[in-house]
Amino acid sequence: MNLSAFWLAVQFLTRLPVPRAVDFSPRAVGRSVVFYPAVGLLIGTMLLAVRLLLEDAGPALASALVLLVWVLVTGGLHIDGLADSADAWAGGHGDAERSLEIMKDPRSGPIAVAAVVLLLLVKFGAIAELAGGLPLLIAPLAARGLVPALLITTPYVRKGGLGSPLAEHLPRRPALFAVLFAAAATLAALGPWPLLVVAAVAWILRAMMQRRLGGCTGDTLGASIEIAEAAVMVAAALGSQPPHCPTF
């Protein structure tokens with residue numbers, strides 16, 4: 001693995017500037033998947049830094065600004081995948097070809113808008129509840145560990161699609177190490193529950209992709225990242241709450 005693959009992952013997953021000398025060959029694109037968790041850690045570091053800088057701001061304003069940075073730094077790439085996937089699941093009526101065709105439509109329907117709004121609300125609430133901390137650092141890393149995991153275990157069904165080189169040229173053993181790195185970092189930083197939640201999300205989403213499409217696409221991978229990020233944040237927020245004893 002060379003540094004060019006890392007910079008390619010940064011360029012694909014974020015809007016951060018990278019050196020111009022980046023190898024865009026299909027083989028390099030496939031190798032870049034190994035660095036997705038590392039790019040997630042980079043995103044998480046930025047989010048945590050922003051939250052610390054806003055320590056004196058009110059929780060609602062600070063959470064809104066952190067969420068704004070979260071969307072801007074990724075360019076809304078995965079949110080677009082979530083929107084397309086939501087439209088396809090609602091409008092495809094169980095038909096794989098119809099679902100894939102809907103994903104290619106640049107227009108967003110009401111289901112897509114609702115899915116994006118609800119996910120952003122969940123993230124906002126979790127950020128406000130946690131007031132920063134390790135979950136902001138780890139959630140982007142854990143979620144991007146899902147991509148190599150899904151590509152290892154799930155066929156890529158859109159031939160010639162944006163994610164096709166990821167699946168065709170993915171180095172299996174390094175990709176497995178990337179998944180294990182993401183899992184170990186999540187466990188060490190947040191404990192077992194967020195890791196179990198991510199594993200459950202991966203299993204459920206993979207089953208849905210297999211049943212509806214016969215595999216994954218670039219859109220469903222992007223949707224998986226968004227859903228997994230929100231799931232980690234929610235699991236961490238719920239786990240941070242002290243036990244409540246009702247009074248009578």
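The values are calculated or read from the model by the stated rules, or taken from the named source; none is laboratory data. Predicted model, so just to flag it, every value in this text is computed and none were measured. All Cβ positions, glycine included, derive from the backbone under ideal geometry; neighbour counts span all protein chains shown. Accessible surface areas use protein heavy atoms only, side chains included; no ligands, DNA or RNA. Shrake-Rupley method; radii C 1.70, N 1.55, O 1.52, S 1.80 Å.
Quick test for you: out of ILE111, ILE102, pick the one residue that is open to solvent by less than 50 Å² (accessible area, probe 1.4 Å), β-branched (Val, Ile, Thr), modelled with pLDDT under 95 and assigned to a helix (DSSP H, G or I).
Just one listed residue meets the conditions, ILE102.
Any residue in region 73-81 that is touching an Asp or Glu at 6+ places or on another chain (Cβ under 7 Å), part of a helix (DSSP H, G or I), closer than 22 Å to MET233 by Cβ and not β-branched (Val, Ile, Thr)?
yes
For region 140-148, check the following and say yes or no: at least one residue is open to solvent by 30 Å² or more (accessible area, probe 1.4 Å) and in contact (Cβ under 8 Å) with a residue 12 or more places away in the chain.
No, region 140-148 contains no residue that is open to solvent by 30 Å² or more (accessible area, probe 1.4 Å) and in contact (Cβ under 8 Å) with a residue 12 or more places away in the chain.
Within region 20-31, can one find any residue that is surrounded by 17 or more Cβ atoms within 10 Å (Cβ to Cβ), modelled with pLDDT under 90, outside any helix (DSSP H, G or I) and of a type in the set (A, V, I, L, M)?
yes
For region 203-230, how many residues meet the condition of being open to solvent by 20 Å² or more (accessible area, probe 1.4 Å) and in a helix (DSSP H, G or I)?
Of the residues in that region, 12 qualify.
Out of the residues in region 117-137 that are open to solvent by 10 Å² or more (accessible area, probe 1.4 Å) and either of a type in the set (Val, Ile, Thr) or outside any helix (DSSP H, G or I) (or both), state the one that is modelled with the lowest pLDDT.
My answer is ALA131.
Taking region 68-98, which residues are touching a Lys or Arg at 6+ places or on another chain (Cβ under 8 Å), open to solvent by 20 Å² or more (accessible area, probe 1.4 Å) and modelled with pLDDT of 90 or more?
LEU72, GLY75, TRP89
Tell me which of these ASP87 doesn't satisfy, since it passes every other one: (1) in contact (Cβ under 8 Å) with a residue 60 or more places away in the chain; (2) assigned to a helix (DSSP H, G or I).
(1)
Being under 25 Å from VAL198 (Cα atoms) and either touching a residue at least 60 places away in the same chain (Cβ under 8 Å) or more than 16 Å from the chain's Cα centre (by Cα) (or both): is that true of LEU61 here?
Judged against the criteria, LEU61 is not a match.
Pairs only if they're at least six apart or on different chains, beta carbon under 6 angstrom, first in region 105-121 and of a type in the set (S, T, N, Q), second surrounded by 12 or more Cβ atoms within 10 Å (Cβ to Cβ); list them, first residue then second.
SER108/ALA83
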